[in-house]
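Here is the structure we will look at, set down as structure tokens.
Every number here is computed from the coordinates shown, using simple stated rules; none is lab data. Keep in mind the model is a prediction, meaning the values are calculated, not measured. Using ideal geometry, Cβ is built from the backbone for each residue, glycine included, and neighbour counts are taken over all protein chains shown.
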Amino acid sequence: MARKQPKTDVIRALFAKSGNECAFPECCNKLVNTKNQFIGQICHIEAAEEGGERYNPSQTDEERRSFNNLILFCYEHHVETNDVNEFTVEKLKKIKSEHELKFENYSYTPDESLLQSIRFQIENFWESIDLINKYKHYCPDFKVNIDIDKNFIELTEKMEQYLKSLGSICEDFRCYHENSWNQILKFIEDNGGDLSRMKEIHYSENPHQNVFWEMTHIGAPNIAIHAEVTLCQMRVRYLELYLQLNPNDSQGIKLLNEHREKLKIMAGQYTIAD
């Protein structure tokens, strides 16, 4: 299940008690710069997803995105606090409590448009997609279902399944095409037709053999191979970026290593028809 975004009221409350400063002790890095841009990080004390730092399986999704489980850090200290041995749940909660107490009498209120850019644009878009797909599709009995809770890796895995199914269909079509001329000849012969001239026709001059040959033997297989390689490359790129922010995520590290090895094989062994 993909992580749920923090609610706007929660983000507003976090900023109000932040003093517009990173919560890490003695850090004065700003969360919002002079251009009204959010340059900090909204961080989870107990991870939003399985495999993340300090993940607590007994938490609900609402608890994971609640005020008590979120803390504002600068990028540098977000990375540093991913060290779960040094920064336990208890330690992060203490850091959060002490920082909020420090600014108890100073309520920082960021521009409302900033809060909207952090939260509303993402949430409203996906809610609208969900609404359209579930209730406003012009042909609901035949619609393509869209699960808005799937994360990037889950989506690429689904895409890989679709590509394999498409490749299987192309292979079936190729086999049918190769056998279709023999089936035509057999049909004519079974019905008393003269095949003496027809069997002499070269395949390159035979429209029944040549019409789809390039598409089934070259075009479709090449596209499927390109798509498979591109998909693997996308996963590696995504996981590299993800692990820069979550360097201790063991599941993410495992996935990155697996897909890197797969991409190495593709880089050295995959071929296409010219």
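Descriptive notes on the structure:
- Distance between the 7 Å Cα→Cβ label points at residue 101 and residue 234: 4.9 nm.
- Peptides 250-258, 220-228 ordered by packing proxy, namely the average of other Cβ atoms within 10 Å per residue, highest first: 220-228, 250-258.
- Distance between the modelled labels on residue 202 and residue 141, one decimal in nanometres: 5.3 nm (7 Å Cα→Cβ projection).
- Of all complete DSSP H helices in the chain, not one has a Cα span along the helix axis of 18 Å or greater and a mean Kyte-Doolittle hydropathy of 0.5 or more.
- Mean Cβ count within 10 Å, highest first, over the residues of peptides 24-35, 137-148, 181-192, 39-50: 39-50, 24-35, 181-192, 137-148
- Full-extension gain in nm, residue 264 to residue 242, via 0.36 nm per residue minus C-alpha separation: 5.9 nm
- Cα centroid separation - segment 130-195 against segment 54-80, whole Å: 43 Å
- At q = 0.07, 0.08 Å⁻¹ the log10 of I(q)/I(0) for the chain amounts to -0.45, -0.54, computed by Debye summation with a single uniform scatterer per C-alpha, solvent ignored.
- Estimated FRET transfer efficiency when R0 is 45 angstrom, pair residue 127-residue 191 (beta carbons, to 0.05): 0.10
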